[in-house]
Ligand code: NAD
């Protein structure tokens, strides 16, 4: 029996097969102790009718090998197809997406010679859970889910990663000035966990200006930890300003299974032309070898790759006259790396990797919080009319609850709406205990009973109104745990 480590390998779509073939040749030439087990994913599998882009039997191979080396795939847009990447990450619990980006100045043109940033992106939650509903003729909803265990896991991983790899600073990027509950939870957890790592500098920034700063002065950042969507966006920004989105690899780490891939997509615009840069996948392969306990082979490949870059042997995406020496295709770049195996870079510092640093995340201990029901938001599909008309209809059926406000796309339109506010057919109507003061904006909302909500919904339906969703309003540990309507 072969002593080589079996790994699942998928060649993907678009430029996937070209960059995967070039990378597998390098792995073989370097003496990596791996045995690829090929699986099909992506477009051809979607077209066979598997809406997740992966055949059912492939899951067993992923569970068996525990390591998945994956080229990018094309995700068909819309039409009931699920993103394979998201499905694999969430099904197999690959909670941390680690994306190191480094500039290779002066051999790869960049405005940021000192860029060396690791983006640690949350991988299982946020707007990527894919819970979306069309609720009215004009409006679609996408649910953003952020959990305490999810936030704790990724934030602790970022600090542990920084500690293990000699990094100095961890920066959280959030948007909790707007999303006070969801991004607010992530930020609170960050502040709590940061206290456990006094030797590391902890900072936080609002994502919009943070992304701008990352593009302008990335040298000010070290490890950045953030939510799924923001992490997706900023890792492309950082990879691109480092030189090319084609350069960075990423590791998707789970407790049991891990997946390694380039950060870029299938680049259909350049597929089949032998011009794609395989570096992102080569760097992913290096991360995979460290993970597999083959750090010497990983270093051998990384050093040969650095030497190839500093020799000015470049693919078209990073080729620059005056800086580069030869423009090569995907295959030729791979061959140049193979030719350099066993040699060290002369200008860049040679790389050596130690044993993979095991990062252990303690098991989450759920603390049940005291919860009190204090109201309900009922969402209605109602063709645009005035908010006063709707308020009249609702007040007539509010019974033992009180209509406190109505918003339209989150903007308060009753009471005291502004005539300029644009109205759609999506209304959120808030009902509370009649004793709750109209001026209450803190923790003073008063208790109601679940039956009051059930009865309210019945009356709303009998009045011919179309309720499309309800969200209960709670206090947790006596604190208001829902947002106020804009202008409430
Ligand atoms: P992309 O990353 O594929 O391409 C963006 C741009 O960068 C294109 O101009 C492309 O030519 C260039 N580029 C990307 N990789 C390159 C490389 N290795 N060498 C040279 N140039 C490179 O993003 P996109 O065009 O938005 O997406 C294309 C498809 O890929 C979509 O179907 C998308 O869903 C999918 N996608 C897949 C993954 C994945 O499988 N992990 C990730 C992102 C996007």
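Where a number appears in this text, it was derived from the coordinates with a stated rule and is not lab data. Fair warning: this is a prediction, and the values are worked out from it, not measured in the lab. Here the Cβ positions follow ideal geometry from the backbone for every residue, glycine too, while neighbour counts run over all protein chains shown.
General remarks:
- Stretchable slack from residue 323 to residue 347, in nm (0.36 nm times residue separation minus alpha-carbon distance): 7.2 nm
- For residue 269 and residue 132, the difference between the fully extended length at 0.36 nm per residue and the C-alpha to C-alpha distance is 46.4 nm.
- Only Cα pairs under 8 Å and 6+ residues apart enter the sum, and on that basis the relative contact order of the stretch 308-451 stands at 20 percent.
- Both radii are taken from the alpha-carbon atoms of the stretch 385-451; with Rh as the Kirkwood radius, Rg/Rh is 0.98.
- Euclidean distance of C-alpha centroids, the stretch 361-380 and the stretch 127-181, integer Å: 17
- Kirkwood Rh in Å, taken over the stretch 169-210 so that all alpha-carbon pairs contribute: 10.5
- Extents of the stretch 446-488, largest first, come to 35, 26, 15 Å (Cα atoms, principal axes, whole angstrom).
- Scattering profile of the stretch 165-321 at q = 0.12, 0.16, 0.17, 0.18 Å⁻¹ [log10 I(q)/I(0), Debye over alpha-carbon scatterers]: -0.66, -1.09, -1.19, -1.27
- Against the empirical 2.2 N^0.38 Å (N residues), the stretch 299-375 has a Cα radius of gyration ratio of 2.05.
- In this rough spin-label picture, where each label sits 7 Å from Cα along the Cβ direction, the residue 38-residue 383 distance is 5.8 nm.
- Residue order, fewest to most surrounding Cβ atoms within 10 angstrom, among 208, 183: 208, 183
- The stretch 39-172 pair-distance distribution - Cα-Cα, 5 Å bins, rounded %: 2, 8, 13, 15, 15, 16, 13, 10, 5, 2, 0
- Computed log10 I(q)/I(0) for the stretch 397-488 at 0.17 Å⁻¹: -0.80, from the Debye equation with unit scatterers placed on every C-alpha and solvent omitted.
- Per residue convex hull volume, Cα atoms of the chain, in Å³: 176
- Averaging 1/r over every pair of different alpha carbons in the stretch 321-468 and inverting the result gives a Kirkwood radius of 21.2 Å.
- Distance from the stretch 35-77 to the stretch 416-441 (C-alpha centre basis), Å: 48
- Over all distinct Cα-Cα pairs of the stretch 99-163, the Kirkwood formula returns a hydrodynamic radius of 15.1 Å.
- Over 21 Å [Cα-Cα, the stretch 1-106], rounded percent: 43
- Translational D in µm²/s for the stretch 238-362 (Stokes-Einstein at 10 °C, 1.306 mPa s, Kirkwood Rh from C-alpha pairs): 103
- Across all Cα atoms of the stretch 111-232, the radius of gyration (one decimal) and Dmax (whole number) stand at 15.4, 54 Å.
- Counting every pair of alpha carbons in the stretch 161-230, the share spaced more than 20 Å apart comes to 28 percent.
- Based on the convex hull around the alpha carbon atoms, the stretch 70-131 presents an average projected area of 6.1 nm².
- Here the stretch 228-287 is described by how far its Cα atoms reach on the three principal axes: 38, 23, 19 Å, from widest to narrowest.
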